1. Test D60 against the stated conditions and say whether it is acidic (D, E) and either open to solvent by less than 50 Å² (accessible area, probe 1.4 Å) or closer than 26 Å to V219 by Cα (or both).
2. Write out, first by first residue and then by second, each pair whose Cβ atoms fall under 9 Å of each other, whose residues are 6+ apart or on separate chains, and whose first residue, in the stretch 174-191, is buried (at least 21 other Cβ atoms within 10 Å of the Cβ) while the second is among the hydroxyl-bearing types (S, T, Y).
3. Scan the stretch 86-137 for residues that are of a type in the set (S, T, N, Q), more than 20 Å from G188 (Cα to Cα) and surrounded by fewer than 24 Cβ atoms within 10 Å (Cβ to Cβ) and jot them down.
4. For residues that are not in a loop (DSSP other than H, G, I, E, B) and not hydrophobic (A, V, I, L, M, F, W, C), scanning just the stretch 201-232, find the one that is farthest from G162 (Cα to Cα).
5. Name the single residue that is surrounded by the fewest Cβ atoms within 10 Å (Cβ to Cβ) among those in the stretch 209-240 being under 19 Å from A32 (Cβ atoms), in contact with a Gly (Cβ under 7 Å, 6 or more places away or on another chain) and hydrophobic (A, V, I, L, M, F, W, C).
6. Can you name the residue in the stretch 1-47 that is outside any loop (DSSP other than H, G, I, E, B) and among the aromatic types (F, W, Y) and, of all such residues, is least open to solvent (accessible area, probe 1.4 Å)?
7. Looking at V83, is it in contact with a Phe, Trp or Tyr (Cβ under 6 Å, 6 or more places away or on another chain) and buried (at least 17 other Cβ atoms within 10 Å of the Cβ)?
Amino acid sequence: MADQLLIAGRAFNSRLIVGTGKYRSFEEMRRAHEASGAEMVTVAIRRVNLTDRTKESLLDYIDRKNFFILPNTAGCYSADEAVRTARLGREVGLSEWVKLEVIGDQQTLFPDTEELIRATKTLVAEGFVVLPYTNDDLIVARRLIDAGAAAVMPLGAPIGSGMGIQNVANMQILRERVTEVPLIVDAGVGTASDAAIAMELGADGVLMNTAIAEAQDTVLMAEAMGAAVDAGRKAFLAGRIPKKLYATASSPLHGVVR
């Protein structure tokens, strides 16, 4: 059976989710998406032309037969603002799914977890499939799950920082304790090894934008990220050897004829 990512009953063959911001052109974005192998693309509701179809929109460069659109509430700083934005996305036909972002600090873009939980409860009650961007805190994750979140999306590092997973211990704790819904690392990935590490730690998926969009060769980086996510997942499932302080011979001497 295929190793698929299951979110709210929907299956995805790719565990990589990609964004749409910061690309040098819409055409470059389209090529990078295709090279990544991703099946889900996140789109900022507030930054997309949703009404005037006579003007160019990034939505024109996303083939909805091949990509599932995940609207997000980027730029929202309160639960009420995020809820209104999610409703707008659904009203214009984007999706009833939403990557929920409620920012608490403009410089770090860290989430306001209290407002995030409140918005999750409201949107779930209205029939949305909610995937909240949060910090790497187990208690917040449990509160979001209790509120009805379809996944938990902890940051690996600040959005766009490219620093990779900064708190491995917290990610390991989250992996062990979050079992009801998928755990998707969101934010902080800088290069392919960061994506692989996230998957090796047991993440069910990785969402990224800047690491691909601002790479010197976006298409090649997108391809690398897709391969890294696949490799990290396989390594996690295979089970790594334990770390040891001292060497163990690759060719044991036991049984060797002298």
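1. Taking the combined requirement at face value, the residue satisfies it.
2. D186/Y133; D186/T134; A187/Y133; A187/S161; A187/T210; G188/S161; V189/T210
3. Listed by number, the residues that qualify are S95, T122.
4. The qualifying residue farthest from G162 (Cα to Cα) is D230.
5. Looking at the filtered set, the residue picked out is A213.
6. Across the stretch 1-47, the extreme among qualifying residues is F12.
7. So V83 does not fit the description; no.
The values are calculated or read from the model by the stated rules, or taken from the named source; none is laboratory data. Owing to the predicted nature of the structure, the values given are computational and were not obtained by experimental measurement. Methodologically, a virtual Cβ is constructed for each residue, glycine included, from the backbone with ideal geometry; neighbour enumeration extends over all protein chains shown. To get the accessible areas, we keep the full protein, side chains included, count just its heavy atoms, and leave off ligands, DNA and RNA. Shrake-Rupley method; radii C 1.70, N 1.55, O 1.52, S 1.80 Å.
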